[in-house]
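Q: One structure, as structure tokens, below. Some questions next.
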Ligand SMILES: Cc1cc2nc3c(=O)[nH]c(=O)nc-3n(C[C@H](O)[C@H](O)[C@H](O)COP(=O)(O)O)c2cc1C
Ligand code: SF4
């Protein structure tokens with residue numbers, strides 16, 4: 001994407017529709033580097049939303065701000081894979097060169113530097129965003145160039161184009177990717193073929209193929225589409241979940257970049273099957289660089305009669321798609337939070353049931369599917385259920401795209417038939433001396449080497465696609481620390497077990513990491529993980545303790561070697577903290593120390 005065109009390519013929503021609040025805010029943030037009070041007041045009167053509520057929305061999304069960010073707003077990706085590639089040294093390097101403190105705006109307003117959750121560039125990190133546009137493959141030389149460009153106040157549009165180059169990095173194809181390998185651009189014939197079977201027939205084929213959702217939960221796609229179609233409604237919606245916030249996952253990014261036509265074919269197939277006339281792609285804010293490309297693909301399809309009215313010459317089949325941008329909130333990948341966000345609100349998960357298939361966007365029946373699911377659905381209709389079932393296992397038909405990163409020679413996208421062992425994946429991507437693999441992201445499972453014969457499948461290790469490799473030089477506690485910080489930051493704060501629990505876990509792991517923890521703290525870790533797992537309101541809080549639970553079970557030694565031989569030691573050294581007071585008062589005797 002041309003950095004000069006960012007603001008002009010964000011859709012300008014029409015006045016009066018409160019569901020467009022978030023899109024207005026994203027555009028204003030991009031234009032002014034913050035949301036001025038005047039804009040809040042104007043939006044409040046034009047959309048009829050109280051100003052306090054608008055401020056609440058701004059406060060919720062980490063990419064929106066009520067005070068100005070730097071003209072060049074730099075956010076380093078804070079994923080564990082970025083750390084493994086040396087991102088922390090590069091942050092220090094850049095902040096020293098620019099004379100700015102992490103988390104603050106430089107006095108002259110020119111630049112701000114901070115961190116953000118995983119930007120989905122794990123195979124080509126370390127990565128950062130500048131004014132939300134990704135720059136990857138960071139090294140000291142690139143950091144030096146960035147510092148110079150900022151000091152010389154060079155417009156982003158004039159920064160070297162190769163900085164913004166994002167590779168596809170597909171390393172291995174199986175049936176899904178190779179079925180699309182020769183597909184280029186829009187194909188009217190393909191859409192005609194997709195729309196020729198009756199909707200009931202489409203549902204039967206998807207059912208027979210056994211397609212399950214690729215976003216992580218693995219729900220049967222045919223059941224979801226059928227329930228939505230069978231619910232009486234004024235309007236039904238098709239929503240593509242392109243939020244891809246799970247640390248270590250980047251396969252949707254590659255699919256959106258390379259196979260956008262096939263995604264839109266899948267969404268159009270769904271609309272035809274469930275009788276919907278409106279669709280949305282919820283694109284994570286970190287993938288802003290894809291916006292222009294996706295809008296161009298949508299327009300091309302409208303121009304060819306493959307989207308909008310009387311699609312493919314079918315009188316009365318009207319369906320169009322808008323793109324909504326997220327604004328830096330991992331919880332918005334959860335489907336009910338995503339719908340709230342799509343309605344312009346804070347991304348707080350809804351109570352379920354009712355599920356989105358009956359009460360979704362604007363309380364109407366809504367199908368929410370992952371990018372890979374829509375693409376797989378369209379390829380199944382084109383090639384048949386048998387073609388799909390030819391790969392995979394009985395309970396997990398077809399293939400899965402894995403986003404492979406961490407300690408291996410060839411990170412990238414690998415497509416495998418379900419049932420493939422972890423050992424084979426490790427061999428293919430050139431991993432050596434592997435200590436552990438983290439599968440399914442921060443909330444996933446930590447697999448030790450004695451379990452490498454287990455397989456990727458819904459009945460064994462289920463994953464949305466993240467596959468991070470750690471070799472034996474790594475300290476897995478670094479990973480646990482990174483993930484507990486991630487969850488404490490990303491908890492939406494709605495329910496107490498997750499809001500407080502994720503923060504307590506983070507503090508306890510920090511204490512352990514610093515070598516101050518005792519057995520009491522390990523017991524506390526165990527106690528909090530159970531409370532969070534059993535009482536959190538949504539999947540984020542219920543799975544946030546997973547990195548701790550998994551490593552306590554599979555790698556107890558990383559805890560044991562950190563634990564002091566005391567039962568309890570405070571994390572905060574009060575006596576040391578009083579040193580400044582002793583210096584000021586010149587009082588150094590035993591009475592000026594805390595008695596141990
Ligand atoms: C905290 C959280 C984050 C999630 N993030 C994503 C995501 O980024 N992408 C995604 O497709 N599904 C995500 N999901 C799963 C969705 O809620 C939903 O199950 C999925 O979009 C359904 O699509 P599928 O059936 O095609 O997998 C997330 C779930 C939770 C609990
Ligand atoms: S579990 Fe966490 S993310 Fe989910 S509703 Fe509660 S606070 Fe929000």
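Q: Name the single residue that is nearest to residue 80 (Cα to Cα) among those in segment 399-417 being touching a strand residue (DSSP E or B) at 6+ places or on another chain (Cβ under 6 Å) and outside any strand (DSSP E or B).
A: 407
Q: A further question on this structure: Quickly run through segment 174-218 and pick out the residues that are without any contact (Cβ under 8 Å) to a residue 24 or more places away in the chain, under 20 Å from residue 319 (Cβ atoms) and not in a loop (DSSP other than H, G, I, E, B).
A: Passing the criteria: 189, 200, 201.
Q: What helices (runs of 4 or more DSSP H), lying completely within segment 443-557, carry at least 1 residues that are touching a residue at least 40 places away in the same chain (Cβ under 8 Å), more than 16 Å from ligand 1 (Cβ to nearest atom) and touching a strand residue (DSSP E or B) at 6+ places or on another chain (Cβ under 8 Å)?
A: 476-490, 546-554
Q: A follow-up question, please. Outside the structural domain of residue 350 (by TED's automatic domain parsing), within 34 Å of the chain's Cα centre (by Cα), under 20 Å from residue 477 (Cα atoms) and modelled with pLDDT under 95, is that true of residue 571?
A: yes
Q: Let me ask another. From the residues in segment 226-255 that are in contact with a strand residue (DSSP E or B) (Cβ under 6 Å, 6 or more places away or on another chain) and part of a helix (DSSP H, G or I), which one is farthest from ligand 1 (Cβ to nearest atom)?
A: Per the criteria, the residue is 254.
Q: Could you go through segment 312-334 and let me know if any residue there is in contact with a helix residue (DSSP H, G or I) (Cβ under 7 Å, 6 or more places away or on another chain), on the phi > 0 side of the Ramachandran plot and either within 16 Å of ligand 2 (Cβ to nearest atom) or not assigned by TED's automatic domain parsing to the domain that holds residue 217 (or both).
A: Yes, the conditions are met somewhere in segment 312-334.
Q: Can I ask one more? Kindly indicate the residue of segment 344-372 that is surrounded by fewer than 18 Cβ atoms within 10 Å (Cβ to Cβ) and over 27 Å from residue 16 (Cα atoms) and also nearest to ligand 1 (Cβ to nearest atom) among those meeting that condition.
A: Step one: of segment 344-372, the residues surrounded by fewer than 18 Cβ atoms within 10 Å (Cβ to Cβ) are 351-354, 358, 362-363.
From the residues that got through so far, the ones that are over 27 Å from residue 16 (Cα atoms) too are 351-354.
Working: 351: 14, 352: 10, 353: 14, 354: 15 Å.
Checked segment 344-372; the qualifying residue nearest to ligand 1 (Cβ to nearest atom) is 352.
Q: What number of residues in segment 391-413 are out of contact with any helix residue (DSSP H, G or I) (no Cβ under 9 Å at 6 or more places or on another chain) and either farther than 16 Å from residue 379 by Cα or surrounded by fewer than 22 Cβ atoms within 10 Å (Cβ to Cβ) (or both)? I'd like the intermediate steps shown before the answer.
A: As a first pass, look at segment 391-413 and keep what is out of contact with any helix residue (DSSP H, G or I) (no Cβ under 9 Å at 6 or more places or on another chain): 392-396, 409.
When the remaining residues are screened for being either farther than 16 Å from residue 379 by Cα or surrounded by fewer than 22 Cβ atoms within 10 Å (Cβ to Cβ) (or both), the result is 393-396, 409.
Here the count works out to 5.
Q: Might you let me know whether segment 375-392 holds any residue that is more than 30 Å from residue 229 (Cα to Cα), more than 14 Å from ligand 1 (Cβ to nearest atom) and in contact (Cβ under 8 Å) with a residue 24 or more places away in the chain?
A: No, segment 375-392 has no match at all.
Q: Right, here's the next one. Could you check residue 296 against (1) without any contact (Cβ under 8 Å) to a residue 40 or more places away in the chain; (2) touching a helix residue (DSSP H, G or I) at 6+ places or on another chain (Cβ under 6 Å) and say which number it fails?
A: (2)
The values are calculated or read from the model by the stated rules, or taken from the named source; none is laboratory data. All figures in this text were calculated on a predicted structure; none of them were measured in a lab. For neighbour counting, all protein chains shown are included, and Cβ atoms are generated from backbone atoms with ideal geometry for every residue, glycine included.
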